[in-house]
Amino acid sequence: MPTQQVPSLPAAGYPRGLVVVLGVAGSLVALLALRELAWLLAPVSLAFMIVLLVHPLHARLSTQRLPSWLALLLLIVAIYAVVIGLVAVLVFSIARLAGLLPTYSREAAALLQRISAVLLDLGIGRDQVRSVLRGLDVNRLAGWLTRLLSSAVGFGANVIFLLSLLLFIGIESTGASRRVAQMARTRPQIADALRGFAHKSRRFIGVTTVFAVIVGAADTVFLILIGIPLAAVWGLLAAVCNYIPYVGFIIGVIPPALLALLTGGWRLMIIVIIVYIVLNSLLTTLLPPYFVGDAVELSMVVTLVSVVFWAWVLGPIGAILAVPLTLLVKALIIDSDPRAAWAEALIGPTRSRRRRRRRET
């Protein structure tokens, strides 16, 4: 008796809707896990990006026929110099602002009296006015800045952990080229995506550094001309904050705007804010894309959303590393998979796509 064959089901994938739902659910679980591990991932990401930025120095020193131990030592020194320099600028700026604010207590008291009179004229009760003005006292603000400074300096364990990470990642980075070449034998697309990520990240940081210096110098000259105290310090702070795309200037404008309010009143403060917005829009938003070109391949919307997203996931360090981290995710998910090439049309800048079409034609 012949056996009856059961017809086989056609080879078909899962329904697209189910794939989307499972993908979104898995992504949310992964993001929540990343957020819970932010205490570990934030310093690791910062150390990795700093080493990635400084690593070409080791390759250049190796071509000069220097001993390998000397090239590695100079690489570690350069890595530590970057970290110490950035931390020194932030700590010095907070310390100077905390020490300078109490000297303007008389001006602040007169300003608070004028604000109180305006609020009372608007019909706000005296108790509410007192509670509002109590939070605007410069002495309380200086005390808060001092506590912030002491808490930042008190993270000794985190600093030691970060320095240790920089040391070991710096040592491991000396063999990165060899490992990527080994990866390229079996996974050439992933290797090319990682090389592209490293190149784009270094170029982004390089262009950002150039415009940070320009913005810091322009802000310093402007603040000197209008007579704001410690103009060079606030210009240096603006240069460091320039590494946070689009929203970093808000941090940099707070100290000079506050001092302008205390020394020259509302008009001078508004002038400082407007000039900072104009300089930031011109030197960090409009001009850099023309110099970066297709290097980053991220639209302004994606860049701004990435700042908020990575700040939510990893905290303040996530805001600073938003663009490199987004480039890393793009390299691993989109650039390494030809089937995901369509996503570049959604996250890339329109101008870059026009340039690409011109090259193809």
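The values are calculated or read from the model by the stated rules, or taken from the named source; none is laboratory data. Source: prediction; values computed, not measured. Counting neighbours? That spans all protein chains shown, and the Cβs are built from the backbone with ideal geometry, glycine included. Just the protein is used for accessible areas: all its heavy atoms, side chains included, with ligands, DNA and RNA removed. Shrake-Rupley method; radii C 1.70, N 1.55, O 1.52, S 1.80 Å.
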**Request:** Take peptides 56-67, 315-326, 169-180 and line them up by average Cβ neighbours within 10 Å, highest first, as a rough protection proxy.
**Result:** 315-326, 169-180, 56-67
**Complete:** Regression test value, accessible area per residue of region 182-247, probe 1.4 Å, units Å², expected 48
**Item:** Per residue accessible area in Å² of region 18-92, where ligands, DNA and RNA are left out and the probe is 1.4 Å
**Value:** 62
**Complete:** ALA232 neighbourhood, Cβ < 12 Å, K/R = +1, D/E = -1, net charge 0
**Request:** Provide the net charge surrounding THR208, with neighbours chosen by a C-beta distance below 14 Å and charges set as Lys +1, Arg +1, Asp -1, Glu -1.
**Result:** +3
